[in-house]
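Visitor: What follows is a structure written as structure tokens; I'll ask about it next.
Taken together, the values in this text are just the output of simple stated rules run on the coordinates, not laboratory data. Note that the coordinates shown come from a computational prediction; the quantities given were computed from them, not determined experimentally. Note that each Cβ is placed from the backbone with ideal geometry, even for glycine, and that neighbours are counted across all protein chains shown.
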Amino acid sequence: DSGVTQTPKHLITATGQRVTLRCSPRSGDLSVYWYQQSLDQGLQFLIQYYNGEERAKGNILERFSAQQFPDLHSELNLSSLELGDSALYFCASSVAAGGPHNEQFFGPGTRLTVL
Amino acid sequence: DQQVKQNSPSLSVQEGRISILNCDYTNSMFDYFLWYKKYPAEGPTFLISISSIKDKNEDGRFTVFLNKSAKHLSLHIVPSQPGDSAVYFCAASSNYGGSQGNLIFGKGTKLSVKP
């Protein structure tokens, strides 16, 4: 158990809908990262938050947004869903914003299926 | 364009023998490298890391070697055990300035250790 929790574990929805994925980082970790893993793809970095502020952005679509709350949990919002958004979404957390030895610890993921 | 490449999608090894997983990268700004292990239906688990100032890091049965001139790293598992059967992801980050820590992942190598 990494100490990172994600809910829900599975989510099935229809095209055009909006969903929210939730992540609670390990106790003491200030950074939260979101990654997407599609079929046959490695993990693609989406976005990073550090202590409530956006820190880095990767290949995140404009239909997707995220935030980190004062209690450090984070939510990833996916809207106008398309079939191609079906994927595993992982949240990870780390102590610092970056730097060496700042290993990220991953949650179990949310499997999103868009029908 | 993939910045981190794992060219072998799968590897099969006999129990007790050495497993060697390879990873190549293209971005010379990467200065920190990590290996993660992933079982089905779980999030990636941090295994071992290496900073670009080193060429070797060892942790029990796991050793990571870094060849900066070749932009190549490898993970050695000795001796391999059936419980090591999983997908192994190579990841890299550029921590220049320490401002962000997002990881760039390879697509993974599925290791099967046969009893």
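Visitor: How large is the convex hull of the C-alpha atoms of the range B:1-50 per residue, in Å³?
Guide: Normalising the Cα hull of the range B:1-50 by residue number yields 126 Å³.
Visitor: So which residue, out of B:Ser28, B:Ser49, B:Ser85, gets the largest mean-square fluctuation from a GNM of chain B using Cα contacts under 10 Å as springs?
Guide: B:Ser28
Visitor: Show me, for the range B:52-60, the HN-Hα J-couplings you get by feeding each phi into the Karplus relation (A = 6.51, B = -1.76, C = 1.60, θ = phi - 60°), rounded to Hz, glycine and proline as x.
Guide: 5, 7, 10, 10, 7, 9, 10, 8, x
Visitor: If contacts are Cα pairs under 8 angstrom and at least 6 residues apart, what is the relative contact order of chain A in percent?
Guide: After rounding, I find 37 percent.
Visitor: Under 15 Å between alpha carbons: how many lysine pairs meet that in the range B:21-115, if sequence neighbours fewer than 8 apart on the same chain are excluded? Please list the in-between numbers first.
Guide: On the way: B:Lys37/B:Lys107; B:Lys37/B:Lys110; B:Lys38/B:Lys107; B:Lys38/B:Lys110; B:Lys54/B:Lys68; B:Lys54/B:Lys71; B:Lys56/B:Lys68; B:Lys56/B:Lys71.
Step by step, the pairs that qualify in the range B:21-115 add up to 8.
Visitor: Moving on. Taking every alpha carbon pair in chain A, what does the distance histogram look like in 5 angstrom bins from 0, in percent?
Guide: Going out from 0 Å in 5 Å bins, chain A shows 2, 13, 24, 26, 19, 10, 4, 1, 0 percent.
Visitor: Still on this structure, please answer the following. Placing +1 at every Lys and Arg Cβ and -1 at every Asp and Glu Cβ, with all other atoms neutral, what dipole size does the range A:1-77 have around its Cα centre, in debye to the nearest 20?
Guide: Here the range A:1-77 has a charge dipole of around 160 debye.
Visitor: Looking at the calculated P(r) for the protein assembly as shown, what percent of the C-alpha pair distances fall above 33 Å? Walk me through the numbers on the way to the answer.
Guide: Working: 4076 of 26335 pairs.
Distances greater than 33 Å cover 15 percent of the Cα pairs.
Visitor: What's the average, rounded to a whole number, of partner chain beta-carbon atoms within 10 Å of each residue's beta-carbon in B:39-46? Working shown, then result.
Guide: On the way: counts 0, 0, 5, 6, 15, 11, 3, 7.
Average neighbour count from other chains, rounded to a whole number: 6.
Visitor: Here is a follow-up. May I ask you to derive the relative contact order of chain B, considering only C-alpha pairs under 8 Å and at least 6 residues apart, and to give it as an integer percent?
Guide: 37
Visitor: Let me ask something additional. Treat chain B as a sphere of radius equal to its Kirkwood radius over Cα pairs and apply Stokes-Einstein at 10 °C in a medium of 1.306 mPa s; give the translational diffusion coefficient in µm²/s, rounded to a whole number.
Guide: My calculation gives 112 µm²/s for D.
Visitor: To the nearest 20 debye, what charge dipole does the protein assembly as shown have about its Cα centre, counting +1 at the Cβ of each Lys and Arg and -1 at the Cβ of each Asp and Glu?
Guide: Value, rounded to 20: 420 debye.
Visitor: All other residues with a Cβ under 15 Å from the Cβ of A:Phe64 taken together, and with Lys, Arg as +1 and Asp, Glu as -1, what is their net charge? Please list the in-between numbers first.
Guide: Details: positive: A:Arg18, A:Arg22, A:Lys57, A:Arg63; negative: A:Glu54, A:Glu62, A:Glu75, A:Glu82, A:Asp85.
Local net charge: -1.
Visitor: List the trypsin sites (Lys or Arg not before Pro) within the range A:1-78 that DSSP assigns to loop and that have no more than 13 neighbouring Cβ atoms inside 10 Å. Intermediate results must be reported in sequence, preceding the final value.
Guide: Working: sites: A:Lys9, A:Arg18, A:Arg22, A:Arg26, A:Arg55, A:Lys57, A:Arg63; in loops: A:Lys9, A:Arg18, A:Arg26, A:Arg63.
Hits after loop and neighbour filter: A:Lys9, A:Arg18, A:Arg63.
Visitor: Can you check what the net charge comes to around B:Ser12, using other residues whose Cβ is under 10 Å from the Cβ of B:Ser12 (Lys, Arg +1; Asp, Glu -1)?
Guide: +2
Visitor: Would you look at the GNM of chain A, springs on alpha carbons closer than 10 Å, and say which of A:Pro25, A:Pro70, A:Pro100 moves the most?
Guide: Residue with maximal mean-square fluctuation among A:Pro25, A:Pro70, A:Pro100: A:Pro100.
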